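*Asks:* Let me begin by handing over the structure; questions about it come next.
The values are calculated or read from the model by the stated rules, or taken from the named source; none is laboratory data. None of these values were measured; they are calculated from a predicted model. Cβ: placed from backbone, ideal geometry, glycine included. Neighbour counts: every protein chain shown. Calculation scope for accessible area: heavy atoms of the full protein, side chains included, ligands and nucleic acids excluded. Shrake-Rupley method; radii C 1.70, N 1.55, O 1.52, S 1.80 Å.
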Amino acid sequence: MIVPQFGLGTFRLSGPTLINSVQTALEVGYRAVDTAQIYGNETEVGQAIVESQVNRQDLFITTKIWTENYAPEKLIPTLKDSLHKLRTDTVNLTLIHWPAPKMGVSIPEVMQALLEAKKQGLTEHIGISNFNIELTKQAIESIGLEHIATNQIELSPYLQNQRLVNFLQSQHIDVTSYMTLAYGKVLNDPILQDIAAQHQASSAQIALAWALQKGFAVIPSSTKREHLIANLRAQEIELTAEQMMAIATLDRNAREVDPEQLVPLWD
């Protein structure tokens, strides 16, 4: 995988809470941080990283270009602005945040602009987020499969999106799972709680272990040290085939993030 299997998400975090979350995560062993222009927290992420004194070369930083910056003349300048906020000369990964078909976004145009940013050294890798199979195919046709590092998509035990996952994995595109805990909705699931008891773990750890075992990268967020450490320890849990099959039965196509103007026709 190009994308580290375990990272820190920063969605919905800002200010001192965000700075503390990033610094604590880096302190306890995280080395990948995921942010986005629309989160409005790149400045705080940059501050937290610099103040943590972890070497930049040891970190994997991801940001995402927001829809209003997709025009070729806007994408690179706004990415440079993101780099300034993040206090770095280059990020490790830059994604197109949403395909936004209802806004008339041209996938070939935006992918070419993103590829140009990579050629200029502003980002080490590039990829997509929230793309369905058809739009992923368009992205591949636009710039070549070798340039698409990941598709970051919502995945949880309640939204397993197997058709899209199968397609991405068949193309050797890394799958990054966000919202893996479904805003915490999976935490009280009886099946996950039962499996958690068998492993002397939490249901959150089981959901993350499930995603890792499926071959996904995960980016859970937390503001509490004990949860950050517990999330990281999900990597040590090995679920049995039977437990994975039990979790497979939980799929209910329950999507948490579905902004009307931005979504593609989901697979």
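*Asks:* Over the stretch 1-117, what percent of the accessible surface lies on carbon and sulfur atoms, probe 1.4 Å? Before the final figure, lay out the partial values.
*Replies:* Working: 2310 of 4890 Å².
C and S fraction of accessible area: 47 percent.
*Asks:* Please report the accessible area of residue 244 (heavy atoms, 1.4 Å probe, ligands and nucleic acids excluded) in Å², nearest 10.
*Replies:* In the full protein context, residue 244 sits at about 40 Å².
*Asks:* Let me ask you something else. Once the whole set of protein chains is in place, how much accessible area is left on residue 133, using a 1.4 Å probe, in Å² to the nearest 10?
*Replies:* The accessible area comes out at roughly 20 Å².
*Asks:* When the chain is fully extended, how far beyond the present Cα-Cα distance does residue 14 get from residue 235, taking 0.36 nm per residue of separation? Present the calculation step by step, with values, prior to reporting the outcome.
*Replies:* Numbers: separation 221, 0.36 × 221 = 79.56 nm, distance 2.69 nm.
76.9 nm is the gain from fully extending residue 14 to residue 235.
*Asks:* Another question, then. Tell me, what is the percent relative contact order of the chain, built from C-alpha pairs under 8 Å that lie six or more residues apart?
*Replies:* Details: 483 pairs, mean separation 54.5, N = 267.
The normalised contact order for the chain reaches 20 percent.
*Asks:* Let me ask you something else. Once label points are set 7 Å from the Cα along Cα→Cβ at both residue 120 and residue 265, what is their separation, rounded to one decimal in nm?
*Replies:* Here the modelled spin labels are 3.5 nm apart.
*Asks:* Given the convex hull of the Cα atoms of the stretch 1-104, what is a quarter of its surface area in nm²? Walk me through the numbers before you get to the answer.
*Replies:* Working: hull surface 27.7 nm².
The number I arrive at for the stretch 1-104 is 6.9 nm².
*Asks:* Please give the contour-minus-distance gain from residue 106 to residue 68: 0.36 nm per residue of separation, less the Cα-Cα distance, rounded to one decimal in nm. Numbers along the way, then the final one.
*Replies:* Values: separation 38, 0.36 × 38 = 13.68 nm, distance 1.27 nm.
Contour length minus the Cα-Cα distance gives 12.4 nm.
*Asks:* Further question on the same structure: So what's the back-of-envelope 222 nm ellipticity for the chain, counting only DSSP H runs of four-plus at -39500 (n - 2.57) apiece and dividing by all residues, rounded to 500?
*Replies:* On the way: 10 runs with 110 residues, N = 267.
Result for the chain: -12500 deg cm²/dmol, rounded to the nearest 500.
*Asks:* Taking a probe of 1.4 Å, how large is the accessible area per residue of the stretch 47-171, in Å²? Display every interim value, and only then the final one.
*Replies:* Numbers: 5030 Å² over 125 residues.
Per residue, the stretch 47-171 has an accessible area of 40 Å².
*Asks:* Can you tell me the FRET efficiency between residue 213 and residue 134 if r is taken as the Cβ-Cβ distance and R0 is 45 Å, rounded to the nearest 0.05?
*Replies:* Values: r = 28 Å, r/R0 = 0.62.
Efficiency computed from Cβ-Cβ geometry: 0.95.
*Asks:* Which lysines have a Cα less than 20 Å from the Cα of residue 64, not counting those fewer than 8 places away in the same chain?
*Replies:* Those lysines meeting the cut-off are 74, 80, 85, 102, 118, 119, 137.
*Asks:* Given q = 0.22 Å⁻¹, what are the Debye log10 I(q)/I(0) values for the stretch 187-249, with equal point scatterers placed on the Cα positions and solvent ignored?
*Replies:* The Cα Debye sum returns log10 ratios of -0.87.
*Asks:* Rounded to the nearest 5, what % of the DSSP beta bridges within the chain are antiparallel ones? Walk me through the intermediate numbers first.
*Replies:* Values: 1 of 26 bridges.
Antiparallel: roughly 5 percent of the beta bridges in the chain.
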